[in-house]
Amino acid sequence: ADIFDWFEEPSGSIAVDAKAGSGKTSTLVHGLNLMPKNADRKLFAAFNKSIVEELIKRLPRNVNSQTFHSIGFAATKLNFPTITRWDVNEGNLKYRKMARNIQVSGDFEDKRAVQDAVLSLLNYAQVTLTPLDEPSLSAMADRFGVQMPDNFDMPIAAKVVAEMLELGKQQLEHGLISFSDMIYMPAALGLKMPQYDFIAVDEAQDLNKAQMTLIQRSLTSGGSLISVGDPCQPMGTQVLK
């Protein structure tokens, strides 16, 4: 009852502790249907397209439902007009193509292992918004158990990852965006975001730092955010592929 009272007169931001199977999504949908039908811009952020498609059937027409990637893609297009759509074929291969062209000195029996290690570091750096210096990436690699090939040390790997993400930004400016860029670039570059007066987030325990940053920067000054999740569930860090 307290949650629904808050929906009728939202003020500030709240986090709701809700266990699995407790009807988190239904609670949010019902609460949004109780909200005043005013001109405030409202957003329900979801993790995948199938959830969005279901939410559209249940939410009021004045509530926009989008995936996190869609939210980030809208921001990217807003800041880089040359991006007209996501190129599924080229976008999926954007950073893998760069990894294939890595030129490093040393004797490596398995060059594929070098490529995989660099891509893992890059993906985790995007998800966690980890600074691209060697100490930060080294600590991140330890945290996520990224295995480095023999003779391929972290200072070299950190330099390669930083160069790849800089090239990724240059390609973005010319219209090429990857699936991971949709969330990483708006968060890392501080891009201007579409603004919402009210945002609802389900399964908040699964948010990674890049997604959290998108949501925080999408909320207007003085806006209201409700995040619902189960803090007892293990928090996963999604790799953006």
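The values are calculated or read from the model by the stated rules, or taken from the named source; none is laboratory data. All of these numbers come straight from a predicted model, not from anything done at the bench. For neighbour counting, all protein chains shown are included, and Cβ atoms are generated from backbone atoms with ideal geometry for every residue, glycine included. Surface areas here come from the heavy atoms of the whole protein model, side chains and all, with no ligands, DNA or RNA. Shrake-Rupley method; radii C 1.70, N 1.55, O 1.52, S 1.80 Å.
Restricting to region 146-167, name every residue that is in contact with a Ser or Thr (Cβ under 7 Å, 6 or more places away or on another chain) and either assigned to a helix (DSSP H, G or I) or over 23 Å from Gln103 (Cα atoms) (or both). Explain how you work it out, then say what you get.
Going residue by residue through region 146-167, those that are in contact with a Ser or Thr (Cβ under 7 Å, 6 or more places away or on another chain) are 146, 154.
Scanning region 146-167 gives a single hit, Met154.
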Every residue in region 38-63 that is within 18 Å of Ile226 (Cβ to Cβ) and charged (D, E, K, R), please. Asp40, Arg41, Lys42, Arg58
Could you look through region 196-209, keep only residues that are among the aliphatic types (A, V, I, L, M) and in a strand (DSSP E or B), and pick out the one that is surrounded by the most Cβ atoms within 10 Å (Cβ to Cβ)? Ala200
Leading residue by the ranking (farthest from Ile71 (Cα to Cα)) among those in region 176-189 that are more than 9 Å from the chain's Cα centre (by Cα) and open to solvent by 20 Å² or more (accessible area, probe 1.4 Å): Leu176
Name the single residue, out of those in region 21-51 being modelled with pLDDT of 90 or more and basic (Lys, Arg), that is nearest to Gln205 (Cα to Cα). Lys49
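Residue-by-condition table, conditions (1) of a type in the set (Gly, Ala, Ser); (2) modelled with pLDDT of 95 or more:
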residue	(1), (2)
Asp87	no, no
Ala99	yes, no
Val114	no, no
Thr130	no, yes
Ser136	yes, yes
Met140	no, yes
Asn151	no, no
Picking from Ala187, Ala157, which residue would you name as being within 19 Å of Arg112 (Cα to Cα) and among the small types (Gly, Ala, Ser)? Ala157
Given Met212, Met193, which one is assigned to a loop (DSSP other than H, G, I, E, B) and either touching a Cys at 6+ places or on another chain (Cβ under 9 Å) or within 25 Å of Pro10 (Cβ to Cβ) (or both)? Met193
Would you mention how many residues in region 1-48 are assigned to a helix (DSSP H, G or I), exposed (fewer than 12 other Cβ atoms within 10 Å of the Cβ) and under 26 Å from the mean Cα position of the chain (by Cα)? 1
Does region 49-89 hold any residues that are open to solvent by less than 60 Å² (accessible area, probe 1.4 Å) and under 19 Å from His30 (Cβ atoms), and which are they? Val52, Leu55, Leu59, Pro60, Asn62, Val63, Asn64, Ser65
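Can you find a residue that is β-branched (Val, Ile, Thr) and open to solvent by 50 Å² or more (accessible area, probe 1.4 Å) anywhere in region 126-136?
No; the residues of region 126-136 include none that is β-branched (Val, Ile, Thr) and open to solvent by 50 Å² or more (accessible area, probe 1.4 Å).
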Take the residues in region 212-227 that are surrounded by fewer than 18 Cβ atoms within 10 Å (Cβ to Cβ) and small (Gly, Ala, Ser), then tell me which one is nearest to the chain's Cα centre (by Cα). Ser221
Looking at (1) part of a helix (DSSP H, G or I); (2) more than 24 Å from Phe68 (Cα to Cα); (3) not acidic (Asp, Glu), which one does Ile102 not meet, given that it meets all the others? (1)
May I ask you to say which residue of Leu122, Leu165 is open to solvent by less than 20 Å² (accessible area, probe 1.4 Å), among the aliphatic types (A, V, I, L, M), within 22 Å of the chain's Cα centre (by Cα) and farther than 22 Å from Asp206 by Cβ? Leu165
